[in-house]
């Protein structure tokens with residue numbers, strides 16, 4: 001199928017040093033440009049020397065090491081080429097509204113280029129997916145149970161529907177393996193075993209349900225918000241008691257407040 005275009009559109013994807021669109025940097029960018037009345041698209045792909053460390057978590061996802069990009073150009077060195085390639089085209093990608101577009105804009109800004117999106121149509125393919133395949137209980141009940149949920153948003157009806165959905169999931173995926181983002185294969189993780197289901201669904205990086213704190217791959221607890229994002233909680237709070245008291249006084253969950261109190265107490269005990 002050929003796209004019906006009255007203007008060029010560029011599909012692109014970014015791999016980066018991390019997930020913070022303000023502080024992290026691009027290590028790879030790939031773009032495919034479709035032009036009106038042109039049968040073949042144009043492709044452009046570049047590795048980028050970010051000038052900052054690549055987080056272990058990101059490396060485990062995209063496999064791009066600091067050594068691999070050490071001799072590649074920096075973003076300011078390729079910025080003009082990228083800007084010319086994109087031109088006035090519209091933009092598309094997967095989850096680009098939350099990640100790729102803001103990160104690209106930050107990189108252009110650091111390179112002294114004002115990359116405007118006001119006059120561009122931005123099409124997020126993820127948004128289409130989520131809207132057409134909604135992740136609601138009503139949609140899940142229809143998908144796994146083959147019926148319309150009657151009485152939705154009545155608490156008891158919703159609980160019964162949730163039970164039915166889980167049974168449907170166990171039946172549907174009983175013989176299916178799961179491939180993780182880093183290519184590992186989990187053999188038949190969906191089974192009639194609550195411990196197995198917990199292990200499959202539990203976010204092992206999460207310290208609290210609001211995801212304000214998280215575990216690194218080394219087991220350290222770091223901030224997942226604010227000015228200390230990515231930094232270890234214990235050492236930071238030991239040095240910045242004002243920030244510690246700010247957390248306790250602000251609208252953070254009781255779980256976060258209890259966690260930082262314990263982390264600071266344990267850290268000071270170990271270093272006393």
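Structure notes:
- Rh by Kirkwood over Cα pairs, then Stokes-Einstein D for the chain at 1.002 mPa s and 20 °C, µm²/s: 95
- Cα gyration tensor of the range 139-242 - equivalent ellipsoid semi-axes, whole Å, descending: 37, 20, 10
- Ranking of 186, 156, 31 by count of other Cβ atoms within 10 Å, fewest first: 156, 186, 31
- Distance between the pseudo-spin-label points of residue 67 and residue 98 (7 Å out from Cα toward the beta carbon): 3.4 nm.
- Distances between every pair of Cα atoms in the range 39-104, grouped in 5 Å steps from 0 to the bin holding the largest one, split as 3, 13, 19, 24, 22, 13, 5, 1, 0 percent.
- When its C-alpha radius of gyration is set against 2.2 N^0.38 Å (N residues), the range 61-171 gives a value of 1.69.
- Gaussian network model of the chain, Cα within-10 Å springs - most flexible of 118, 182, 100: 118
- More than 16 Å apart - percent of Cα-Cα pairs taken over the range 213-270: 36
- Cα centroid separation - the range 188-242 against the range 1-21, whole Å: 31
- FRET efficiency, residue 88 to residue 135 (Cβ-Cβ, R0 22 Å, nearest 0.05): 0.05
- Centroid-to-centroid separation of the range 153-174 and the range 92-107 [C-alpha atoms, Å]: 36
- A helix-only calculation puts the chain at -11500 deg cm²/dmol for mean residue ellipticity at 222 nm, using -39500 (n - 2.57) for each DSSP H run of at least four residues, averaged over all residues.
- Exposure proxy ranking for 17, 216, based on other Cβ atoms within 10 angstrom of each Cβ and starting from the fewest, stands as 216, 17.
- The fraction of all Cα pairs in the range 1-85 landing in successive 5 Å bins from 0 to the largest distance is 3, 14, 23, 19, 15, 11, 9, 6, 1, given as whole percents.
Any read-out appearing in this document is the output of simple, stated calculations on the displayed coordinates, not a laboratory observation. This is a predicted model, so every value here is computed, not measured. Quick reminder, even Gly has a Cβ in these numbers, built from the backbone with ideal geometry, and neighbours come from all protein chains shown.
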